[in-house]
Amino acid sequence: MDEPLTLPKIRVALVDDQQLFRSGLAVIIGAQPDMAVVAQAANGTEALGEIAAHGPDVVLMDVQMSPMDGVEATRRIFEDVSGRFATVPKVIMLTTFDWDEHAATAVRHGASGFLLKDSTPEFVCESIRAVHGGSAVIAPQSLAALLRDEPEPVPEIPVPYLELTEREREVFNAVALGLTNQEISGRLFLGESTVKTHIGAILRKLALRDRVQIVVYSYENGIGR
């Protein structure tokens, strides 16, 4: 009889300067059948080394740490000028405040959103799964409100966006509004597989990483507002 197919676990790294909080997260995540904690760090400097060594899929990154905070560590992960990371992980910021401009800056650098530290264990685990699958963990409307505290968006529409097909622009605008693939499918009368294909093409043509970056790109360039 064939052995049942075992899917690879989501590899998670935890970065927080509070050891007790970090240990609690490790217990919660380690108890999930589809997740494994592969690295832990107490600050951004340690995190860069651990991420390079262990190659996690998702990083939970505290915003405020020293000597290097989570925002700077996130910037370095996604810029990776030294080429030290074989694969670039998804990053979820951890914050105490639900309206944190530092978290918004981290999203600009490439993070997939942020979680409050008092989130339920169930929400934390579902957020990890969602981000691993390419989604965000902050509503586009909330992200846009956070970004308003940043410098004003550039008014010119970028050439790469203008080079998208008409259908790709429709899908882009729907994603920027926070619609799911199923909702986009219903609105534009497309199959969900076709929606996924269009989103993949949009990300490739605009050199974006994920759906969160579509929201940021839309706001920063004044598209659809």
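Close amide-amide hydrogen proximity is noted between Met35 and Ile10, each under 5 Å apart and 5 or more residues distant or on a separate chain (H modeled in the peptide plane; Pro and chain starts excluded). Calculate, for Thr120 and Glu220, the FRET efficiency according to 1/(1 + (r/R0)^6) with r their C-beta to C-beta distance and R0 35 Å; round to the nearest 0.05. It comes out at approximately 0.65.
The label-point distance for Arg187 and Ala36, in a model that sets each label 7 Å from Cα toward Cβ, rounds to 3.9 nm.
Taking all protein chains in place and a 1.4 Å probe, what share, in percent, of the accessible surface of the chain do carbon and sulfur account for?
On the way: 6210 of 11560 Å².
Heavy-atom surface of the chain belonging to carbon and sulfur, 1.4 Å probe: 54 percent.
Expressed to the nearest 5 percent, the antiparallel share of DSSP beta bridges inside the chain is 0 percent. Averaged per residue, the chain has 51 square angstrom of accessible surface, using a 1.4 angstrom probe with ligands and nucleic acids left out.
The values are calculated or read from the model by the stated rules, or taken from the named source; none is laboratory data. Please read all numbers here as calculations on a predicted model, not as lab measurements. Virtual Cβ from ideal backbone geometry, glycine too; neighbours counted across all protein chains shown. Surface accessibility is based on the protein's heavy atoms, side chains included, excluding ligands, DNA and RNA. Shrake-Rupley method; radii C 1.70, N 1.55, O 1.52, S 1.80 Å.
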